[in-house]
Amino acid sequence: MNHPCSSLSLKNKWTLALAVGATLFASPAQSKDVLSETEAEFQERMQWFTDAQFGLFIHYGVYSNLGGEWKGESVPRYAEWIQRWGQIPSEEYYPLAADFRPDELDADLWVRTAKEAGMKYMVITTKHHEGFCLWDSAVTEYDLGEATDFDRDILGELKAACEKYGLKFGTYYSIIDWHHPSQRVELATNQPPMYDKDGYVTYMKAQLKELIDRYDPAIMWFDGDWVKWWTMEDGLDLYRYLRELSPDMVINNRVAKRAQFKKDFGTPENSTPGGALDHVWEACWTVNHSWGYKKSDTTWKSIDVLIQKQIDINAKGGNLLLNVGPYADGAWPEASTELLEQMGEWNRKHREAVYDSEFVMVPEQSFGTMAQKKGSTEKKGELFAYVFDWPEDGKLKIQNLSFGKVKATTYQGRGLAAKAGGNDLEIDLSKAKPESSATVIRLKYSGGMKAHEQVIDLGLKGDELILEAGNAEVTGRKLVLVNKKYVSGWLDAEDRVSWTLNVPAPGKYLVKALYANDVDGSPVSVTVGDQTLSGKIEASGSKNQYQLTELGHMELNQVGATNCSISFDRPSGKRILRFKTLIFVPVEE
Ligand code: FHN
């Protein structure tokens, strides 16, 4: 079948050639390899990003018109994938663009709402896998300018609103393009065929140059890097091309191959790393399940979950990029607006604990998490304790951490009695009041602080999928989650811990389990969808000595949500088995 846009108009072909020609002969001044940027130069360029803590993600395109439904049926998985999961032929899908009319898109309202939520930047899908462009591109007719009769420059309006409210403007661009002649959606698997790579890369570079020339984005956010025809070399070439066009722009690691490339920042998706990472990172999360607006998706996360998620991510040194999927007309779902307003209230009341805090290496705490005030050292400084679970006895135990001298206060500075007990510090909260979602307690210390427990370094690279016991469903006669930290009481083979696993990119994953047990050879099995991986675990040494064990590989080939569980057959005669975390590490094939 002739692909509907296989014949680019003469105008578009000339424009395409001129656009690319202009960039292939970059001036000598730009000949320095941007990949040889010094650490100091990198840190300086990334400073605004690492300070930001919180950003807005927007998934908006022709798919928004359908709201995840096709011919009256709700289509599974993400709404922005409806062409694939609804198996919609191109000749039926492409004309839908004519109905795309962001009449209710109020850029000022969008950006003001983001600012009031405490967000410091936004990223909008200028072109998702469907290939429709939210700007009038000179190299395609499948865009806001030609495929619709809508005549506003919505990206320009959003850029202007970001400048007005002091947010950075960012653009998402998918490497996958089910509309371009080089790829065909009818065959769309997670690995769509590539019929003209050179032609498509030229097309991409021309479009990216348009976005940079017209909107000067502070971030270029790539996606779809999992396709096998896209290589690390392709990604590095594109990274260089973009950095030479816009030296200060920040680019996510999906420009290349996310499992190997960590610049400029890593992008765990619907997953929060189990600890700090050795590179700059940002975790993107949905507020419900689908990225694009999905009528049937009412799985809104609670405000407690969202605020604690932001705190947890920031305390581990990352940014939270939180998604909104606007309706077809550009208005936002009321639930999204309300949740962002509530997050803004918490962030405004705890500005210092959000924006003047950074990662600190301390033992895991069962009440919540901890961070340090910027500028603190091991000798002297201030810790923020973010209390998610208010202790019933009114005594907050800071576990396995001792100080030379320490003064505890409420966030507002009211003194609280604190006394060291063994390796813990116990704080009397009787003069403090629990706040909704999270309460912040301050610990000002001097004379040093000392950790008294194994601080587990999982050696994470950031794109692992992390499933923690504390976020799981626990099913078993005696199975119990202890201190939100680990699951113990494994009696029967049917006992299991389960989650919903959000797979961001299809492919091969190495499966690892973090546990403590004192018996060799316990059978273990991990199930994802209809696949099961079975193995045995060796003893870790003791119930307090955790170790990370590789269980084997699994192919996870469906992007989106899938059921996942782990079970350990009863260790022979022993029950000391503490399970903490299941990790899927993407493997470059
Ligand atoms: O396939 C996309 C998906 O539609 C969405 O854009 C997320 C957000 O980062 N990324 C990819 C994989 O889930």
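The values are calculated or read from the model by the stated rules, or taken from the named source; none is laboratory data. Here the structure is a predicted model, which means the values were calculated and not measured. Virtual Cβ from ideal backbone geometry, glycine too; neighbours counted across all protein chains shown. Side chains are part of the model used for accessible areas, which takes the heavy atoms of the whole protein and leaves out ligands, DNA and RNA. Shrake-Rupley method; radii C 1.70, N 1.55, O 1.52, S 1.80 Å.
A simple count of charges around Ala505, restricted to other residues whose Cβ falls under 13 Å of its Cβ and scoring Lys, Arg +1 and Asp, Glu -1, yields -3. Each of Val587, Val111 has its accessible area taken with a 1.4 Å probe; listed largest first, they run Val587, Val111.
Computed 3J(HN,Hα) for region 71-76, one whole-Hz value per residue from the Karplus formula 6.51 cos²θ - 1.76 cosθ + 1.60 where θ = phi - 60°, is 6, x, 10, 6, 8, x, glycine and proline marked x. On average, how much area does the Cα convex hull of region 501-552 cover when viewed from any direction, in nm²? Convex hull of Cα atoms, orientation-averaged projection: 4.0 nm². Each Lys or Arg adds one and each Asp or Glu takes one away; over the other residues whose Cβ falls under 11 Å from the Cβ of Asn319, this sums to 0.
The accessible area of Arg214, taken with all protein chains in place and a 1.4 Å probe, comes to roughly 110 Å².
Measuring against 25 Å, Cα to Cα, the residue pairs Lys262/Lys380; Lys407/Lys461; Lys379/Lys580; Lys485/Lys543; Lys127/Lys228 contain Lys262/Lys380; Lys407/Lys461; Lys379/Lys580 as the ones spanning a longer distance. Here the contact order of region 357-451, divided by its residue count and restricted to Cα pairs under 8 Å and six or more residues apart, works out to 34 percent. For region 465-586, the relative contact order comes to 38 percent (Cα pairs under 8 Å, sequence separation of at least 6). To the nearest 10 degrees, how steeply does helix 39-52 sit against the main Cα axis of the chain, on a 0 to 90 scale? Rounded to the nearest ten degrees, it is 80. Provide, for q = 0.12, 0.15, 0.22 Å⁻¹, the log10 of I(q)/I(0) from a solvent-free Debye sum over equal Cα point scatterers in region 213-306. Debye intensities relative to I(0), on a log10 scale: -0.49, -0.73, -1.13.
Across region 494-505, computed HN-Hα scalar couplings (Karplus, 6.51 cos²θ - 1.76 cosθ + 1.60, θ = phi - 60°) run 7, 4, 7, 10, 9, 9, 9, 9, 8, 8, x, 8 Hz from first to last residue, x flagging Gly and Pro. Ignoring aspartates and glutamates fewer than eight residues from Lys431 along the same chain, the ones with Cα atoms less than 15 angstrom from its Cα are Glu392, Asp393. Among beta bridges from DSSP that stay inside the chain, the antiparallel ones total about 75%. In the full protein context, region 57-185 carries 31 Å² of accessible surface per residue, based on a 1.4 Å probe and ignoring ligands, DNA and RNA. To put it simply, the accessible area of region 403-445 at a 1.4 Å probe is 49 percent carbon and sulfur.
Classified by the C-alpha gyration tensor, the chain has a prolate form. Its axis ratio a/c, with a ≥ b ≥ c, is 1.5 or above, and a/b is larger than b/c.
If we count every other residue with Cβ under 13 angstrom of Ala451's Cβ, Lys/Arg +1 and Asp/Glu -1, where does the sum land? Result for the local shell: -4. Database remark: amide H of Lys536 closer than 5 angstrom to the amide H of Val524 (H placed geometrically; neighbours at sequence offset of 5 or more, or on other chains; Pro and chain starts carry no H). If you wrap the tightest convex hull around every Cα atom of region 465-586 and split its volume per residue, you get 84 Å³. Note that region 89-97 has calculated 3J(HN,Hα) couplings of x, 3, 5, 8, 7, 4, x, 4, 4 Hz, one per residue in order, obtained from phi through the Karplus relation 6.51 cos²θ - 1.76 cosθ + 1.60 (θ = phi - 60°); glycine and proline are x. With angles folded into 0 to 90 degrees, how steeply does helix 232-245 sit against the dominant principal axis of the chain? Use alpha carbons for both and round to 10. Taking the Cα atoms of the chain, the angle to 232-245 is about 70 degrees. Put simply, the amide H of Ser376, placed in the peptide plane, has neighbours under 5 Å in Glu382, leaving out anything fewer than 5 places away on its chain.
What angle, in degrees between 0 and 90 and rounded to the nearest 10, separates the Cα long axis of helix 303-315 from the longest principal axis of the Cα atoms of the chain? That works out to roughly 90 degrees. Scanning residues 5 or more positions from His553 or on other chains, those with amide H under 5 Å from its amide H are Val511, with H placed 1.01 Å from N in the peptide plane.
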